[in-house]
Amino acid sequence: MGENTKESNSLINGKCESKSGQLTLEEVLTKYVGSFGSFQKLLTLYIALFIGPITSMNMISQFLILLIPPHQCDLSTFNQTTPLLINSIDSPSPIEPIQLVHQYEGSCSIKRYIDSAPNLTDSLPCPKGWEYDHNLIYPTLVSEQNWVCNERWKALLPHSIYWAGATLGCFVFGTFSDIFGRVPTTMAIFTLAGLSGLAGVFFSHDFTLFVLSRGLMGFAFTGSVTLVLVIEFVGLRNRLLVSTAFVASHSITSALWSAFAYYIANWKLLLILSSSAQFTPESVRWLYSKGKVEKGSKVLTSVARFNGKQVPEDVLDSIIIRKPAPFQLKEFLNYPRLCRNFMFAGILSILNGISFIGTNLYAAVLLKNPFLVLSLNAFIDAIACLVSKNLADRYGRKRIMLINIYLSFIIYESANLLDRNSIQFMVIFYIGRFTAANTFNILYLYVAEIVPTFFRSRAVSTRLCLNNFGAFIAPFVISLHSYGSYIPLTVIGLTSAVSGLLVLFLPETLGVPLPETCAEADKLGSNQDKK
C-alpha cells in the first residue's frame with residue numbers, strides 16, 4: 001500500500017464528490033470509526049474540562065491581577081491637629097474641614113488650610129504616597145507599584161497590550177495550525193502562555209517587561225486551534241455540542257476563577273496557576289489534507305479501536321478528502337453585496353468587543369466588588385450561550401441581534417442616571433451584560449452563515465481577531481472616566497447604537513442554506529435591498 005498511490009486517491013482539488021467505491025472522510029467517520037463515540041466524547045470532556053478553563057483563566061486573570069484597591073493619601077506623617085480638607089475626585093459628599101482625616105476612595109490629593117488666610121486652601125497631590133484598603137481587594141500589582149491617580153494609565157495599558165497580542169495571535173497561530181498541525185500549535189500556545197505568565201511574575205518590577213509579558217500572554221490567548229482539532233474528529237451533527245461545551249466551560253470557569261482569586265488573595269500565585277498544557281492526537285483531517293495518509297490512517301484505526309469499532313483496510317485505501325481551493329481575494333471583491341455584508345459584520349465584531357470586554361473592565365476598575373461582578377458576568381455569559389442560539393433559531397438572527405443591541409443602548413445610557421454602587425444600577429448592568437453576550441454569540445454564528453464555504457473558517461477567525469481588536473480599544477474607553485464618570489458607559493451605549501444601524505443593512509439568514517459559492521453568498525439580502 002504505497003503512500004503516493006493513497007495520496008493521489010485521497011486528495012482531490014477544489015470541489016469533490018465521492019466516486020464509485022470511494023468514501024469521504026466524513027462518511028468513514030460516520031460508518032466505520034464513529035462520529036461521536038467514546039473517543040470524541042472524551043475529547044469533548046477535554047475541551048470542557050481543560051481547554052475552556054485554561055483559556056478562561058488566561059483571560060480573566062488579566063483583570064484580576066490589575067484590580068485597583070480603594071486608596072487614600074497617606075497622612076501618617078502629617079500633624080493630625082492640623083486642619084485638612086479632602087479633595088476626592090470620586091466622592092459625591094460635600095467637602096468640609098475635619099480634624100482627623102479619613103480619605104474617600106479614589107482620592108488623589110488633599111487640601112490644606114493656609115494659616116495666614118483661614119478661608120483659603122492649597123492643594124497637595126498626596127505628598128507621601130497612598131494607603132490602600134485591602135479588606136476586599138487583595139494587594140495587586142497596581143497597589144504594589146502605586147499605579148493610581150496620575151499613574152493610573154499604567155494599570156490600563158497592559159489590558160490594551162494584552163488584547164493587541166490576542167488580535168495578532170489569532171492570525172499567526174491560525175496560519176501556523178494550517179501549516180504545522182493543530183497539536184504542535186496547541187503545545188506552542190500553552191508553552192508560550194506558561195512562560196509569559198511566569199515572566200509577568202518575575203519581571204513585575206519593570207513596567208516595560210511586564211507589559212511585554214502581558215502582550216505575549218494575549219498572543220497565546222486562543223483556544224480556537226484546539227477547538228478546531230476536536231471538531232475535526234466529530235461528525236456534523238455533534239459539532240455544535242462541542243463548541244457549546246467550550247463556550248459554556250469558558251464562562252463558568254471565569255465565574256469560579258474570580259471567586260477563587262478572592263479566596264487565595266495573591267495575584268502572583270493566581271498568575272502562576274493560570275498556565276498549563278496537555279496532549280492530544282493530531283487532527284486526522286489535517287493529516288489527510290497535507291498528504292500524510294499513513295499517519296492519518298493510523299489515527300483513524302486507533303480512534304475506531306477506542307470506540308470499539310474496526311475500519312476495513314480497503315476503506316482506508318479508498319478515502320478521499322476535499323483539498324480546499326486557494327483563497328482568491330480578487331474573486332471575493334467582485335461581489336459587492338458579499339463584501340458589504342462581511343465588512344459590516346467585521347465592524348460589528350469590533351464594536352461588540354468594545355462592549356463585551358469593556359463591561360468586564362468597567363467592573364474590574366470602577367465598581368466596589370469586582371469579584372462578585374466578574375463572577376456574575378461570567379454566569380450570565382454561560383446562560384446567554386444557551387439562550388441566544390435558541391432565540392435566534394426561533395425568531396431570526398437579525399431580529400434578536402437588533403433587540404439585544406438596542407436594549408444595550410438604552411440600558412447603558414440609563415445606567416448613568418443611577419448611583420453605580422446601588423442595587424438598581426447592578427440589576428440593569430447585568431441585564432446589559434446579558435444583551436451584549438447574546439449579541440456576541442449570535443454574531444459568532446452569523447458570520448459563518450454569510451460567507452461561502454471556502455472562506456468560512458477564515459471568516460470566523462477574522463471575526464474573532466476583530467473582536468479582540470475591539471477589546472484592545474476598550475481600556476481606552478474606560479480611561480475616559482478621568483474626564484467624567486458617565487463617559488465610559490455612554491461610549492459603550494453609543495457603540496450599541498451604531499451596531500444597530502449596521503444590522504439594519506444585513507440580511508436575515510434563518511432558514512437559508514449555507515452559501516457554497518461567492519455568487520450564492522452575494523445573493524443574501526438581495527430581496528431586502530429591493531424592498
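Nothing in this text is a laboratory measurement; each read-out follows from the coordinates by a stated rule. Note that the structure is a prediction, hence the values are computed from the model and not measured. Cβ atoms come from the backbone with ideal geometry, glycine included; neighbour counts cover every protein chain shown.
Quick look at the numbers
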| read-out | value |
| --- | --- |
| For region 135-149, 3J(HN,Hα) per residue [Karplus equation, 6.51 cos²θ - 1.76 cosθ + 1.60, θ = phi - 60°, Hz, x = Gly/Pro] | 5, 10, 9, 5, x, 10, 4, 4, 6, 5, 9, 6, 8, 10, 6 |
| Distance (nanometres) between label positions extended 7 Å along Cα→Cβ at N421 and M187 | 5.2 |
| Rounded if a/c under 1.5, otherwise prolate or oblate - region 327-531, Cα gyration tensor axes | prolate |
| Summed side-chain charge close to Y395 - residues other than Y395 whose Cβ falls under 14 Å, Lys, Arg +1, Asp, Glu -1 | +3 |
| Sequence-distant residues sharing a close amide H with T517 (under 5 Å, placed H) | T453 |
| Amide H contacts of H71 (H built 1.01 Å from N, under 5 Å, at least 5 apart or other chain) | G106, S107, D133 |
| Net charge of Cβ neighbours under 9 Å - reference E508; Lys, Arg +1; Asp, Glu -1 | +3 |
| Estimated inter-spin distance, L198 and Y486, nm [label 7 Å along Cα→Cβ] | 5.1 |
| Amide H contacts of W130 (H built 1.01 Å from N, under 5 Å, at least 5 apart or other chain) | D74 |
